[in-house]
Each structure stands twice: as structure tokens, then as C-alpha cells.
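Structure, as C-alpha cells:
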4 protein chains.
Amino acid sequence: MKTKITEVAKVKLKNPILVEGLPGLGMVGRIAVRYLVKTLKAERLAQLHSPHFPYYVLVNKKGNVRLLHGEFHYWRNEKGENDLILLTGDSQAQTIEGQYEVAESILEFAKKHGVKTIFTVGGFRVETEEAPKVVVASSNHDLLKKAVEAGAVVSGAGNPVVGTAGLLLGLGRFKKIDALCLLGETRGYLPDPKAAKSVLAVLQKLLGIDLDLGALDKEIEKAEKIVAKMRQIEKRRELHARKMRKMEEEKVTYIS
Amino acid sequence: MKTKITEVAKVKLKNPILVEGLPGLGMVGRIAVRYLVKTLKAERLAQLHSPHFPYYVLVNKKGNVRLLHGEFHYWRNEKGENDLILLTGDSQAQTIEGQYEVAESILEFAKKHGVKTIFTVGGFRVETEEAPKVVVASSNHDLLKKAVEAGAVVSGAGNPVVGTAGLLLGLGRFKKIDALCLLGETRGYLPDPKAAKSVLAVLQKLLGIDLDLGALDKEIEKAEKIVAKMRQIEKRRELHARKMRKMEEEKVTYIS
Amino acid sequence: MKTKITEVAKVKLKNPILVEGLPGLGMVGRIAVRYLVKTLKAERLAQLHSPHFPYYVLVNKKGNVRLLHGEFHYWRNEKGENDLILLTGDSQAQTIEGQYEVAESILEFAKKHGVKTIFTVGGFRVETEEAPKVVVASSNHDLLKKAVEAGAVVSGAGNPVVGTAGLLLGLGRFKKIDALCLLGETRGYLPDPKAAKSVLAVLQKLLGIDLDLGALDKEIEKAEKIVAKMRQIEKRRELHARKMRKMEEEKVTYIS
Amino acid sequence: MKTKITEVAKVKLKNPILVEGLPGLGMVGRIAVRYLVKTLKAERLAQLHSPHFPYYVLVNKKGNVRLLHGEFHYWRNEKGENDLILLTGDSQAQTIEGQYEVAESILEFAKKHGVKTIFTVGGFRVETEEAPKVVVASSNHDLLKKAVEAGAVVSGAGNPVVGTAGLLLGLGRFKKIDALCLLGETRGYLPDPKAAKSVLAVLQKLLGIDLDLGALDKEIEKAEKIVAKMRQIEKRRELHARKMRKMEEEKVTYIS
């Protein structure tokens, strides 16, 4: 078995742009692209299966079973120049060689549909509490400039962009596909819809579409409650540890 | 070398159903399918060898050596509509890609023999002390319904089914083979014949055959004795640990 | 690159038997086969290279560099029926799939030279201080019987024979080559010439040749001195640890 | 995807010698070859990409993204007999099989350009504070002799040369390419320009070229300051640890 992409709809798309967001740091890419699929009511286009995905199947609410997969949706942009192909999914490839194979399959599929530009979405680890910035890197200078105009910040040198979100940029060159990567700042421990929202704010300008991002706020609120709770637990644990250390020190002092 | 299946008997089977149970959690699948082979006096059909199995050979009582393998047996169902192909073996594939390759080989072999339905058997980890339930998931809704009528409980959403038992369901779709997975609840630490018996109770109804499951009771008794002994040991260890902690605390109290 | 065997001599051998001893437990196989090569003054036949061997090269005394390899030597048996092919080397394959590929290459090479019987040599871990027994397992009952007559003990059931020494037996069946494995009992921590000597004692009877095994005694003496020294060190470490534990316990007793 | 080398210049070189220095111990090879590229103003020849490199892309100061790669430069030697091909890069292959595949690709590329001699450069771990020696090993005795005349020391027996720097020597034989490895002694914890300088001092004699190595001294100074600082930190940590142990011992003495 090789990585393969199976089309479930035969469509002809107008100058499509591919937007990729697979699971990764803070699930930023996946949350963002799933939000696009839902909000734009994008339709199913194709599925990607790979022997480099984990070797289990998922069960849904009805007891129905399916392989892990990547999912392509398409959206016809009635008002703009570029239709969209949206790629998200359950997993990234689990081995080095698998990562390259999956990225190449995606690029071949994109090429076949006439894609000339790819936007990839992911997370960028920071420990800050500030509003998450959107970091951008690209294989094309003009694209990069547009992203900066749309509110993104150019990535510092030396940052690696890991996984499919990065390889699509690197390998895209061999297929003459320009690509740009938008990374939402995130602590990355938990799914981070706030970072995804920042990315979407930039992305909609780049794509020239108008999204209602309000629906993400409920998700953000939920996520922040979880984070707040986890911090409380952490704080208590720290207090306890400090107390224990103090006791230990006093004991040493006492003895010596 | 690729994964390969070598037939040792040339037979024409009547609408065969494949039942798979390879080693896994609590050895539930393997115990169940081996029991079927023995009770039904199924005959040898084929062997599966793979370079993804561990790289050692096994020695039997007579000093005879053989590769790890999967074994297919067949059983002619004189009274019912479906003959059976029973698959069990020594091991599962050891790498991600190997898991996919082995599952695909099994499906090709099944297709060749006209298999339209596969039942896979495995374990499902729970910590309960109650009678083990049988959890079911399927790629086909009608099959699922039948399993529920036979006493199984529909799996909760999000449970992964790992290994061959899962991949046969996921990859089966590409070959138009419907598949259903029966997972016996088990703590999973040790071979669990009780969980295997629960699964067989459901399976015999699904297959429309009548098995004497009594012979498993001796195995169950043995297994339960081992578990009881292990718990005693664990309990003593805990008591000891608690005592040590207490001593340690008193010492701290005393000093500070 | 694939695993490949390059011949360095073109010879026609008389009913050759292949004797394999690659690095493994206690280096038993390697010591035994190297001893055969040296004592019989066997000549170079071929080299095996593989991309599954570790990715480094070895430097010899003169600063000369070479890849890790397996080495085949041949020996013309003027008095007996079977010439010998002797295989030893630097390493075993490092991955599961590599192990199968290397074993298959060896078998193809053997087949090409008309080999009908293979003897593999390795170590078998035991903690005993007694004279090392030689454990035997085989894919052919008659061979096994001969080995027992030559002084070997039939392996208990369930012992895995790991690596090339095992796979040649398991995979040999597909090429209709009978094979037998001789495992010298060893603690396995260090190169164990004593275990190798036991194996050679059995092997020479099986091969119907007469070896002077005395030259191994110096190696054995050296190895035993090292073991004795290591035990002393271990003993001292244990004594020290016991003393520390006692101090710790007294301290607890004192306080509580 | 396979490892592939893409030429960016079409040139005909005069008896070229390939000098390889990829990342490794103390970054000795990479520092040395990058220095050659810069000092000789070598020009870009080709790029090597591989699915065995880590699966991320690098971002430069301008936010531009690229795959990890190996880079070939060429230098026309107006005064001497041999032009140079210089190979350095971002990474080595990450798997065993990948290491062999990458080394083979390099050798094929070298062969195509008429390369008959390869020099590889790396680090050799020692704990000494003395001026770093240059250790040499080779697949060709005459080359080795020349390196010794140029100031290198023949490697002791048993030293493995790991990675591309080693495999090019071992695999070079199959392509009839002689190769020599120069290893600069280094503690290996940090990039070590001093070791690189020692190697370059030998290398320039071997190549019959005259390099100004002075520009490396600033790098060396910087590196030594970092090492000095790290040692201070280590020393303080040790002092602290010793103090803690003493306190602990006194406490024990006091109690018992």
C-alpha cells in the first residue's frame, strides 16, 4: 500500500488555492481549517489514506468504523477569483519517509487540480500570555508581503516549520507551487482556538473572503476555562512542593 | 521478502466468513479463535509469513523450529449458509507500514476466497470487576444491529481499534468487504479466557452455530487464580509502602 | 542499495554444508566460526554487504578502512563428503525487515552453491556455573537426532532463536534447505570461548571432521580471568551497598 | 521520493576531488568545508534532497523557507591539477538505510563528474586539552601516506568512522573511488572551529593549495570563551554538589 488520494467528487475548480491544516501544535491548523469547512459549507472532494498513519481505526457515535484519513473539501468562490481546496484530517505521517511521501501526494493532487498557491496553517510555540501573533514564512516573497499586509509577522530566522505544513513549502518548489505558512502563537499544550482565530483573521484577508469568526469565541471561552483550571492545579502543586522543600531544609538545618 | 500467504489445502468454500483473532490485549482474539479451531475441528488452509513479524523462530517440544506465522483454518458448515475461515497466529506486524501490509494481504486472500464478511475479535481495556461486556463496532450498520441483537454493546465514540482487528475493518471498504469487530472487556494484563468466552457467546449467535463453551471454564478458573494471587502480592506491597511512608512522616514530624 | 553478496573466488564445491556464526549472545557463533576458518585454513569465497548494517566503517591497524560485512570462506574436505562454506562477520542487520532480507540473501547464495544443509551457531543464555551444554533445534528431525548423538541437548519448547541463526532455519524451508541450530550455553555478558568450544565439540562430530580445539583454551583462560575480576568488583559494590542500607535503616530506627 | 541531486550549474571540471563535510561531532566537517567554500569563493553546483532528512523546513532572516539539503559547490583550481567539489549541508540521513542511500547518491554524482578521490572531514572525540591532532584513515594506502606527510596521525585500530564521512570510504570501493577521512580531535560538545582549523591545515597540503586560515581565529576565540564560561558554571555546580553531599554525610554521622 502507498499513500493514495481517492476522489469522491468530480469537479472542475477555478484557480483553486489549497489551504492545509492537519493536527499539530495546539491543533491550530486543524481547528482553523475545520472552521473554514463548516463556515463556508465546503463540500467533500477527496480522501487521503496512508500506511504511514497510525495503525488503528476510529469509531464514531454510531459504532461505525473508519481508517484515519486526510480530507479534502472544495468551496466555489462565487465572488472571487480563487476557489478553495481545504485539507484537514486525523493525523500526520508517523515516520520521516512517510512525512515526505504524504506531502508529495498532496502536491501531486494539488497540481492535478491546477493549484498554484498553497497556504498551510499551524501553531508556533511561545510561552507568552499576550494576544497570539501570527507568524509567517513563505517560499515566495510577494506572498510573504501580502501576509504581512494582512497582519502577520515575519518569522525569525532559524525557526523550523515541522511536518506537512513545512514540507509543502519546501517540496512545493519542485512542482512550481508557491506556498506560505501561517503559524498562530500558542502555548501548544491544549487545542487552542484563540490561535486559530488569529490565523483565520489573517487568512481571510489573504483569501479576500469575509468570515464570521464570532462562532469561535465560545470555543475560546471553553478552552480558557480549562487552562485556568489547570493553572490552579499547577499552582497548588507548586505551593505544596515549596512547603515540602522548606520542611526538608529546616530539617537539614536542625540536624547539622 | 514481502508478506505472503501460502495455501496448504486447495478447497472451494461456500460463502465463507473470515474470523480473525491475532495476539493482542488480554489475548482475547487469539484465545477465541483458537477455541473455534479446536472445537470445530477446523482444518489447515494456509499460512501467512511476513518480514514485519519479530525476527526469531520458535522451538516446539520436539526441538522443531518454525517461523512466526499467521494460520488460516477452514470449517465446512454442513447445516448453515456460511463456511468459516479462521485466522489466528503468533504475532502482529511490528511496524506501522507492516501493519498495513499484513492487513492488505489478509484482505486479498479473503477476497480470493469469496469472503464478503469479516469478524475480528480483540480485547477492550476496562478496569471493572463486572462480567465482561462485548463491545462492537462495524463498517456496516446491518451487521452492527445483528451484533447488538446477539448481546453486544455499541462502542462509545472515539475508541480506537488498534492493529489488524481494526485495519481489516478500515481497509475492508476498499475491497467491498463488510467487517465487524467484537471486543471483549478485559483488564488486559494477562491472557483472559473469560473475555474470550463472552465474545464467543456473541459470535456463535452471529454465525448461527452452536458451540459448547464449557471447556473454557477450566481456563477461566486457572486465570482467576493467577489474578487473585497477583492481587494479594500487590496488596502486601501497598501495605508495606504505606508503612514506610508513615515511618518517613513520623520521622519528619519528630525532627521539625 | 540492497543486501548483496559479491564473490571473490569462483569455485565449484562438493555437496557443501554452510556453517553460520554471526555476532550474538556471548559471541559464541562468531568465535566458533572464526576458529573454524583459522584452523581449517579456509579460503575467502564472498562478502556480504547490507544497508541494514550499522552506518559506520571500521579502521584496521594500518589505518585502512572498510564497510561492515559478512564473510564467506570455503574449505575443501579432501577426506569427507561435504565441503564447507563458513559464514561469519561484523554485525547482524539492525532492523526487523533487514534481518529477513539478509537471511534471504544468504539462503539464495547457499542455494546457488548447492547447499542442502545449514548449521547455525549461537549462544543460549543461562546463569549456571556448570560446564556449558549445547542446545539444539532443527527444521529436520534426522539432523536433530544426529546432533543429539553428537552430544547436544534438545531445546526446551518456547525458546526463541533470535536473528540470522534462527531465520535461516525458518526461511530455509521455503528453499528446501534443512537447517540445524547449535546454541552454546553462556551467561552472555562477554565473549565466551568456552561456550564456543562446547559447540565446536558437537559440530566436528556432525561434520565428521577432526579439530584440535586446544588452541581455544588460552582464550578461555583469559576470558575466565576477566569474569573473575568483574565478579570481585561486583561483590565489593554489593558489600558497600549493603553497608549503606544498614546505616540508613539504623538511622530510621534511631529516629522513630 | 528518493534521494536526488539536482544540478544548478552545468560545468565540466578538471580531475575534480570531492571534499565532504556534513554536520557531525563538533561540527568539524561542516565548519571546515564551509570555510573552504567561502575562502575559495566556490560556486554553486548542485543540491541534494532526501526523504531521510528530518521532516521540517528552515526559515531564513527574510522569512524565506527551504528544505534541508546538502549543497555541492565547485572551485576551478587555476594553478593546480585538481578542481574541487565541496559538499556540506544541513543534516545527515536519520535512518540506517537512509545513510546508505545518501552516501550512494553522492558517490554516483561524484562518479559522473569524474571524481577519483574523495576527502571526508569529521570530528574525533577526545577529552584532551592539548592541541587537536588530525586523525586519518583511508581506503588507499598511498593517500594515507600523503596525509601523514601532511601532518596527520594514523587512526588507531577499531575506531569506527560514523555516518557519511565513513560510508563514502567504505562504499567508494564499489565505484573504484579512493577516499580518505580526516578527523579533527574535539571534545565534540560544541561547534569546534579549532579542530576544523587543524584539519584544514592538513587538507591544504594534501590539496596543494594555500589557504589563509587566520580568519578562523576569531571563531576559535569566541568558541573558547563559551567553553570557559560553561566550565565555570560546571565547576560551581560541582562545588555546590560537593557541599550538599558533605552536609548529607554529616547529618548521617550525627544521627547514627
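Bear in mind these aren't lab numbers, they're just calculated from the coordinates by the rules spelled out. Owing to the predicted nature of the structure, the values given are computational and were not obtained by experimental measurement. Positions of Cβ are backbone-derived with ideal geometry, glycine not excepted, and every protein chain shown enters the neighbour counts.
At-a-glance table
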{"item": "For the stretch A:39-82: rounded, prolate or oblate by the Cα gyration tensor [a/c cutoff 1.5]", "result": "oblate"}
{"item": "Order of D:Tyr35, B:Tyr189 - criterion: other Cβ atoms within 10 Å of each residue's Cβ, fewest first", "result": "B:Tyr189, D:Tyr35"}
{"item": "Per principal axis, descending, Cα span of the stretch A:153-256 in whole Å", "result": "73, 35, 20"}
{"item": "Positive-end residue, the stretch B:4-213 charge dipole about Cα centroid, Cβ charges, pick of B:Phe53, B:Val126, B:Leu180", "result": "B:Phe53"}
{"item": "Prolate/oblate/rounded call for the stretch A:76-173, Cα gyration tensor, a/c under 1.5 rounded", "result": "oblate"}
{"item": "Sequence-distant aspartates and glutamates (8 or more away, or on other chains) whose Cα lies within less than 15 Å of B:Lys225", "result": "B:Glu129, B:Asp192, B:Asp217, B:Glu234"}
{"item": "Computed magnitude of the charge dipole of the protein assembly as shown (debye, nearest 20; Cβ of K, R +1, Cβ of D, E -1)", "result": "180 debye"}
{"item": "Using a 7 Å Cα-to-Cβ projection, A:Ile233 label spacings across copies, nm, ascending", "result": "3.2, 3.2, 4.6"}
{"item": "D:Glu43 paired with C:Val11, simple spin-label distance in nm, labels 7 Å along Cα-to-beta-carbon", "result": "5.5 nm"}
{"item": "Point-charge dipole on Cβ atoms (K/R +1, D/E -1) for the stretch B:4-61, about Cα centre, debye to 20", "result": "240 debye"}
{"item": "Chain D: calculated mean residue ellipticity at 222 nm from DSSP helix runs of at least 4, using -39500 (n - 2.57)", "result": "-13500 deg cm²/dmol"}
{"item": "Cross-link reach list, lysines versus D:Lys14, counting only Cα pairs under 25 Å and skipping chain neighbours closer than eight places", "result": "D:Lys4, D:Lys38, D:Lys41, D:Lys79, D:Lys111, D:Lys112, D:Lys116, D:Lys145, D:Lys146, D:Lys175, D:Lys176, D:Lys205"}
{"item": "Net +/- balance of residues flanking C:Arg76 in space, Cβ distance below 9 Å, scoring K and R +1, D and E -1", "result": "-2"}
{"item": "Peptide-level mean, for C:45-58, of C-beta atoms on other protein chains within 10 Å", "result": "6"}
{"item": "Rounded to 5, percent antiparallel among DSSP beta bridges of the protein assembly as shown", "result": "55 percent"}
{"item": "Dipole moment magnitude, nearest 20 debye, the stretch D:121-209 about Cα centre, only Lys, Arg, Asp, Glu C-beta charged", "result": "320 debye"}
{"item": "Degrees separating the helix D:96-112 axis from the principal Cα axis of chain D, which is the longest one", "result": "30 degrees"}
{"item": "DSSP-assigned coil residues among GluC sites (Glu not before Pro) in the stretch B:176-243, each with at most 16 further Cβ atoms within 10 Å", "result": "none"}
{"item": "Net charge of Cβ neighbours under 10 Å - reference D:Ala195; Lys, Arg +1; Asp, Glu -1", "result": "+2"}
{"item": "Förster-model FRET efficiency, 45 Å R0, C:Arg236 and D:Lys222, C-beta, rounded to 0.05", "result": "0.45"}
{"item": "Three-way shape label, the stretch D:1-136, alpha-carbon gyration tensor, a/c 1.5", "result": "rounded"}
{"item": "Mean-position separation - Cα centroids, the stretch B:138-185 and the stretch D:210-234, in angstrom", "result": "63 Å"}
{"item": "Point-to-point label distance, B:Met244-B:Val126, nm (Cα→Cβ direction, 7 Å offset)", "result": "3.4 nm"}
{"item": "Taking chain B and dividing mean pair separation by its residue count, relative contact order in percent (alpha carbons under 8 Å, at least six apart)", "result": "22 percent"}
{"item": "The stretch D:4-212 - share of DSSP beta bridges that are antiparallel (%, nearest 5)", "result": "55 percent"}
{"item": "Exam field: A:Tyr189 pseudo-label spacings to other copies (7 Å along Cα-Cβ), nanometres", "result": "3.2, 3.2, 4.5"}
{"item": "Binned Cα-Cα distances of chain D, short to long, each 10 Å bin given as a whole percent", "result": "7, 28, 32, 18, 7, 5, 3, 1, 0"}
{"item": "Centre separation in Å (Cα based) which lies between the stretch C:34-85 and the stretch D:38-102", "result": "36 Å"}
{"item": "Table column - 3J(HN,Hα) (Hz), the stretch A:207-214, Karplus curve with 6.51, -1.76, 1.60, x for Gly and Pro", "result": "8, x, 10, 10, 10, 8, 8, x"}
{"item": "Dipole axis of the stretch A:73-195 (+1 Lys, Arg; -1 Asp, Glu on Cβ), positive-most option in A:Phe109, A:Gly98, A:Asn82", "result": "A:Asn82"}
{"item": "Isotropically averaged projected area of the protein assembly as shown, using the convex hull of Cα atoms (one quarter of hull area), nm²", "result": "49.9 nm²"}
